[in-house]
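*Asks:* Next up is a structure, given as structure tokens.
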Amino acid sequence: ASFASDGEDGPTPAAGAVVTGETVGNGRAYRLNPHTHLNQNDSYTYFQQLDTHNHAASPENPPPTTLLHTGPTGTNVNDLIVILSYSNNEQ
């Protein structure tokens, strides 16, 4: 996850986004190219389109959204990046 502590990331209403090991594959299934959006410094549109497609594909039980919406928090400490890594290899 990457998000702005003030609750807004640039000119968008989102604070940031959560990415999993399935995010890019899900985007490709909807013909979304993350490289195009990253090259344009516009990850918001990629995640917004991904969330729209995910919700349309399963409106009864949509997966969690990738975008984080907190609204203004009244603080501006810094941008935060949280990385969780795990292995499913049993030894």
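The values are calculated or read from the model by the stated rules, or taken from the named source; none is laboratory data. All figures in this text were calculated on a predicted structure; none of them were measured in a lab. As a convention, Cβ positions derive from the backbone with ideal geometry for all residues, glycine included, and neighbour counts pool all protein chains shown.
*Asks:* Identify the residue in segment 1-29 that is more than 13 Å from the chain's Cα centre (by Cα) and touching a residue at least 40 places away in the same chain (Cβ under 8 Å) and, among all such residues, is nearest to Ser85 (Cα to Cα).
*Replies:* Ser5
*Asks:* Would you be able to say whether some residue in segment 1-14 is part of a helix (DSSP H, G or I), buried (at least 16 other Cβ atoms within 10 Å of the Cβ) and not acidic (Asp, Glu)?
*Replies:* no
*Asks:* Then there is this: Pairs please, first residue from segment 66-81 and part of a strand (DSSP E or B) and modelled with pLDDT of 85 or more, second anywhere and loosely packed, with under 11 Cβ neighbours inside 10 Å and not acidic (Asp, Glu), Cβ atoms under 7 Å, 6+ apart in sequence or on different chains.
*Replies:* none
*Asks:* Specify which of the listed residues (Thr36, Thr20, Thr45) is exposed (fewer than 15 other Cβ atoms within 10 Å of the Cβ), closer than 15 Å to Thr65 by Cα and modelled with pLDDT of 90 or more. Give the steps one after another, and end with the answer.
*Replies:* Numbers: Thr36 fails: closer than 15 Å to Thr65 by Cα; Thr20 fails: modelled with pLDDT of 90 or more.
Every option except Thr45 fails the conditions.
*Asks:* Would you mention how many residues in segment 30-56 are free of Cβ contacts under 8 Å to residues at least 24 places away in the same chain, hydrophobic (A, V, I, L, M, F, W, C) and in a helix (DSSP H, G or I)?
*Replies:* Qualifying residue count for the region: 2.
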